Structures are given as structure tokens and as C-alpha cells.
Amino acid sequence: GPQVEPDPSKKTLVVLGTGWGSVSLLKKLDTEHYNVIVISPRNYFLFTPLLPSCTTGLIEHRSIMEPIRTILRHTKANVKFYEAEASSVDPERKVVRVLDTSEIRGDVIETEIPYDMLVVGVGAENATFGIPGVREHTCFLKEIGDAQRIRKKIMDCVETAAFKGQSQEEIDRLLHMVVVGGGPTGVEFAGELQDFFEEDIKKLIPDIADRFRVTLIEALPNVLPSFSKQLIEYTESTFKEEKIDIMTKTMVKKVTEKTVEAEINKPDGTREKITLPYGLLVWATGNAVRPVVKDLMDRIPAQKDSRRGLAVNEYLVVQGTRDIWAVGDCAVAGYAPTAQVAAQEGNFLAGLFNNMARTEVLEQRVRELSGSLNLEPGNAADISKEIEEHERQLRRIKDIKPFHYSHQGSLAYIGSEKAVADVSWFNGNFASGGSLTFLFWRSAYLSMCFSTRNRLLVINDWVKSKLFGRDVSRE
Ligand code: FAD
Ligand code: NAD
């Protein structure tokens, strides 16, 4: 709609982030009741489950992005969006400091935005545990830019390995793709990478075909710690068939430009140090707290014992505050940092805020009616009846249940058109792995895509890659 000034009779609701938590809140929020302001350095929603497929060009990155402007066009009332990073939150003065961090900047690059209510949905950043060399030499896999960087690097390694006169040793290094972290991100990426190699690179550049290797390094005794034992075994045996090397009980300690140094915990209790040369290294060791969240935690005494993010109560209110809520990977509510959890939390908050607004409207109406009761004694019976009806509605609304997460299951792609799924259906648990699960995985993710536009683009990419192979041109 057209630009309108904020309505002074409504509360200002500021939402930080345009990820899974914030966007599912915005999708269901009745925006008429608030002056809603969204702040995020990213002017789009990203469908992260298919991000690993973008690293090989199986899916083009724009197919899994949805502009926030398009999303906000469909809200009932006008919602303001500012493309900026929240650099700090002052819970005393109730303001958010925001900074334009993009390439093009105007005269104003920093300002303050006051809020009555604040939702923090800024997600997490990549954990590096302070391990030297990680920031300088590895690629993360969290944002669109990361996937694009990896896609370019894979082909750069391949083309460089195929360069005239390259030594055998250097070819082996360049074609050694190392993945650190055996969580779902690392596993899915390793699977996609091996597919890329089997389905396309091998055919296009046969002379180096037998040198390509993928190694997955995991500190714990097995990969996919959150999946059931049966599926862990299935994944590990599938990787063996796909010729992906899994090194478990191996902790990376240092990364240099061309090598990764790790320590293997041997069964006899001793440790062995190893150094592996690599061409591409993808770092997927999970989440760390963002600075803006850390800073906010430091300002709230009740958060002093929280380590992994903003501790929230069962209504997702940030402990120690009255008007700040947190959703998704930056919130500690006792659940895993997944899109599934973030989406349900955002959805819950929308319901909560819609109810709060309706409550206020009804209470206001009851106050008005009570006032007119004295002024119009003739209509007393009718007015009392109306008050009673409003109060009945109020009692119903006020009885808001706390947030309850309902786990739909875990799904992961493991390469060669196979997937693993731990699904809970009809109160029963159901674990499956294989090609049928792969079809289930594809249809589940397709149905979860943000929009019909995204869905069509993803199908188009799958068909295109199947018919013509992945596009290996390096832009
Ligand atoms: P995000 O979705 O990360 O969104 C955070 C938002 O905040 C972004 O818009 C960001 O730009 C913005 N932001 C960052 N800093 C600031 C700031 N200072 N101020 C304002 N805004 C800021 N989960 C599943 O359940 N299933 C899957 O299959 C799955 N696959 C995944 C695959 C990959 C490769 C990755 C990386 C994750 C996957 N996840 C999956 C996990 C899932 O993506 C996260 O749990 C989810 O994105 C968390 O949602 P969120 O809203 O908390 O954060
Ligand atoms: P993760 O935290 O799940 O896994 C990281 C792994 O890295 C851990 O197993 C850890 O032991 C290992 N590690 C840490 N330091 C190491 C070191 N120095 N050397 C070797 N290994 C090391 O991280 P993730 O895979 O990025 O996932 C993050 C979140 O996103 C999780 O909640 C996950 O469930 C979710 N996710 C889900 C899916 C899916 O459902 N398909 C896909 C991706 C991510």
C-alpha cells in the first residue's frame, strides 16, 4: 500500500530478521493492530533446507529466495521494512540502533528506532571455536553468498587441477574436498558434492575423474547425532558406497591455506595428529551467538547464566524483560535450532499478538459500555448484555496456552538420490532411508517452499539438471 505515517494510537512492534522465525510471524500477524517495522540486512526470506543444493548448481539460488517486499505486500496493513543490521538494543530506553551495512549508503547510515514491543529473530552465526585459520580459509554454508562462493570454488579447483602440467600431488590436493562437521549441514553438502562429481564432473572432465575425493570430518563417534541409530548406520554405509570418507572422533585444530590439521582419538586412548592437504574446505560445525544478541544478554541481569542465546519463558518472552520476545536460533527455549522450531515459534507469537490486540479492543469497549450504563439507564438491560458477551469473549481469549513444539520429524538428503527420515506419525516413530525416502524428502521440501513461484522454480531446476546436467560455467 502507500506510505502512511504510523498510527499514534497503536503500539509499535519491531521485528528483527527476515528468516524462518520472523517471516512465519509476519505471515500470520494481524498487522492492522500494530505499527509494524521489520529490520534485516537481508531483504529476502531464504529457504535454507535447499541451500546445500545451490552449492553445485542443482538448484539456482534465486529459486529459494523470496523478497520480503513481496511478502509484505500481502499484509493487511502497511508494514515498514528497513534494510539494515540491528547493532544494539537498549531495553531501558526501548530503542534499537540500526546500521546500513550494504554497499550503497546514503547520507544517513545509522539511526535509532523506538519500539513498544520487540521480536528478536536474528538467527545465529557460524561457530568457529576460535580455531585458527577458519575465518580466513574456509567456506561456511549458511547464506546465499556462501553457496555461491562454494559453487565457484568447486569448479575453480576442478579447472585448476585440469591445468596443463599440474603435478599429481597438486591434482590430488585440489580435488580433495573436505567438510568439517558431521551434522545435517555437513552430511547434506557432502552428499550433494559427491552427486555433482558422479553425475556431471566425471563426464565433462574424465581425465581427472579418479582423483576427486570427499572427506567428512566429525569430532564425535558418529555423524548425524540427532538421528536414530539405524539411520546413522544407513548414512555411514551409503557414504562408504558413494566413496565419501568419514573420519569420526577427529577434531580439527587448525586450518592453513592448503592444509587442515586434526587430531584423531584412537580406541586405545592415544591421539594421532594428521595433516590433510585440501582444495576446498567447508566449515559446518554449528551455531554461535550473534554479537547483537550477546550485547543484549549482557544488558539484562536475568540472562547472565545463559550461554547459547536469549533464555525465554514458555510464552517466548525474553527472561528479565516484559516487552521483548525471541524466536528461532537466537532463542533458548529448550529445542534444537531448526527451521521447524523457528517457524512454529513465529506462528505462536503471531497468535499471541493477535490475541493481545483483540483483548485490548474488547477491554476498551467494555470500559465505554460501562460508562454509558450510567448515562443511559433506559438501555441498561441491553448494555449489560453486551458487556457480558464481551467479557465472555475476553475470558476465552485470555486463556492463551503456552508455546508447545510439535516435532514433525527430521529429514536429510545423503546423496545418490537417497534420504533419511525420522518421522513421528500418529504417535508412532518411523525411521526410513533410501530412494523412496528421497521422493518423500523432495515432496516434503517442495510443499514447504515459501511460494508457488519458488515451488515452480525448484521443480524447473530439478528437471533442467536431470535433462541437461548442472551448469558448470564459473561466473
Ligand atoms: P534465520 O533463518 O537464520 O534468519 C535470521 C535473520 O536475521 C536473517 O534474515 C538475517 O539476515 C537476519 N539478521 C542477522 N543479523 C541481524 C541483525 N543484526 N539485525 C537484524 N537482522 C539480522 N532446519 C530444518 O528444520 N530443516 C532443514 O532441512 C534445515 N536445513 C538447513 C540447511 C542449512 C544449509 C542450514 C544452514 C540450516 C538448515 N536448517 C534446517 C536450520 C534452519 O535454517 C535454522 O534453524 C533457521 O533458519 C532458524 O531460523 P531463524 O529465523 O532463527 O534464523
Ligand atoms: P550441528 O551443530 O548439527 O553439527 C555440527 C557438528 O560439527 C557436530 O556434530 C560437532 O560435533 C562437529 N564439530 C564441531 N567442532 C568440530 C571440530 N573442530 N572438528 C570436527 N567436528 C566438529 O550443525 P549443523 O549441521 O550446521 O546444523 C545446525 C542446525 O541446523 C541443527 O539444529 C540442525 O538440525 C539444523 N539443520 C537441519 C537440517 C535438516 O533437518 N536436514 C539440515 C541442516 C541443518
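The table that follows gives values for the structure above.
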| read-out | value |
| --- | --- |
| Residue list for region 306-338, filter: of a type in the set (A, V, I, L, M) and either more than 8 Å from ligand 1 (Cβ to nearest atom) or surrounded by fewer than 18 Cβ atoms within 10 Å (Cβ to Cβ) (or both) | Leu310, Ala311, Val312, Leu316, Val317, Val318, Ile324, Ala326, Val332, Ala333, Ala336 |
| Tally of residues being at positive phi and near ligand 1 (Cβ under 9 Å from one of its atoms) across region 34-68 | 0 |
| Thr31 vs. criteria over 30 Å from Val158 (Cα atoms) and more than 12 Å from ligand 1 (Cβ to nearest atom) | yes |
| Every residue from region 437-450 that is touching a strand residue (DSSP E or B) at 6+ places or on another chain (Cβ under 9 Å) and exposed (fewer than 15 other Cβ atoms within 10 Å of the Cβ) | Leu439 |
| Flag if Gln303 is crowded, with 18+ Cβ neighbours inside 10 Å, free of Cβ contacts under 8 Å to residues at least 60 places away in the same chain and either farther than 18 Å from Gly17 by Cβ or touching a Lys or Arg at 6+ places or on another chain (Cβ under 8 Å) (or both) | yes |
| Matching residues, region 86-98, being crowded, with 19+ Cβ neighbours inside 10 Å and either out of contact with any Ser or Thr (no Cβ under 8 Å at 6 or more places or on another chain) or in contact (Cβ under 8 Å) with a residue 60 or more places away in the chain (or both) | Ala86, Val89, Val96 |
| Residue match in region 50-58 (condition: within 16 Å of ligand 2 (Cβ to nearest atom), of a type in the set (Val, Ile, Thr) and assigned to a helix (DSSP H, G or I)) | no |
| Exclusive hit being under 26 Å from Lys273 (Cβ atoms) and assigned to a helix (DSSP H, G or I), set Val158, Val187, Val214, Val178 | Val187 |
| Qualifying residue in region 259-270 (condition: among the hydroxyl-bearing types (Ser, Thr, Tyr) and in contact (Cβ under 8 Å) with a residue 24 or more places away in the chain) | no |
| Qualifying residues in region 121-142 (those that are within 11 Å of ligand 1 (Cβ to nearest atom) and among the charged types (D, E, K, R)) - the one nearest to Arg290 (Cα to Cα) | Glu125 |
| Single unsatisfied condition, Ser416 versus (1) surrounded by 13 or more Cβ atoms within 10 Å (Cβ to Cβ); (2) within 16 Å of ligand 2 (Cβ to nearest atom); (3) closer than 30 Å to Glu242 by Cα | (2) |
| Matching residues, region 374-396, being loosely packed, with under 15 Cβ neighbours inside 10 Å and of a type in the set (A, V, I, L, M) | Leu375, Ala380, Ala381 |
| Test: residue in region 203-216 that is within 16 Å of ligand 1 (Cβ to nearest atom) and on the phi > 0 side of the Ramachandran plot | no |
| Contacts under 8 angstrom Cβ, first residue in region 126-140 being at pLDDT 95 or above and part of a helix (DSSP H, G or I), partner surrounded by 13 or more Cβ atoms within 10 Å (Cβ to Cβ) and of a type outside the set (Val, Ile, Thr), 6 or more apart | Val134/Trp283; His137/Leu281 |
| Members of region 174-199 found to be small (Gly, Ala, Ser) and near ligand 2 (Cβ under 6 Å from one of its atoms), listed by number | Gly181, Gly182, Gly183, Gly186 |
| Cβ-Cβ under 8 Å pairs, at least 6 apart or on other chains, region 36-54 side without any contact (Cβ under 8 Å) to a residue 60 or more places away in the chain and of a type in the set (A, V, I, L, M), far side near ligand 1 (Cβ under 9 Å from one of its atoms) and in a loop (DSSP other than H, G, I, E, B) | Val38/Thr18 |
| Strands (runs of 3 or more DSSP E) contained entirely in region 234-302, each with at least 2 residues that are within 16 Å of ligand 1 (Cβ to nearest atom) and under 27 Å from Asp329 (Cβ atoms) | 280-283 |
| Near pairs, Cβ below 9 angstrom, 6+ apart or cross-chain, from region 326-338 (more than 17 Å from Leu411 (Cβ to Cβ)) to any residue that is away from ligand 2 (no atom under 11 Å from the Cβ) and of a type in the set (Phe, Trp, Tyr) | Val327/Phe348; Ala331/Trp325; Ala333/Phe403; Ala333/Tyr405; Gly334/Tyr405 |
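Results for (1) modelled with pLDDT under 95; (2) within 13 Å of ligand 1 (Cβ to nearest atom); (3) among the basic types (Lys, Arg); (4) farther than 30 Å from Ala339 by Cβ, shown as yes or no for each residue.
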{"site": "Ile144", "(1), (2), (3), (4)": "no, yes, no, no"}
{"site": "Glu159", "(1), (2), (3), (4)": "no, no, no, yes"}
{"site": "Gln168", "(1), (2), (3), (4)": "no, no, no, yes"}
{"site": "Val178", "(1), (2), (3), (4)": "no, no, no, no"}
{"site": "Gly183", "(1), (2), (3), (4)": "no, yes, no, no"}
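The values are calculated or read from the model by the stated rules, or taken from the named source; none is laboratory data. Here the structure is a predicted model, which means the values were calculated and not measured. For neighbour counting, all protein chains shown are included, and Cβ atoms are generated from backbone atoms with ideal geometry for every residue, glycine included.
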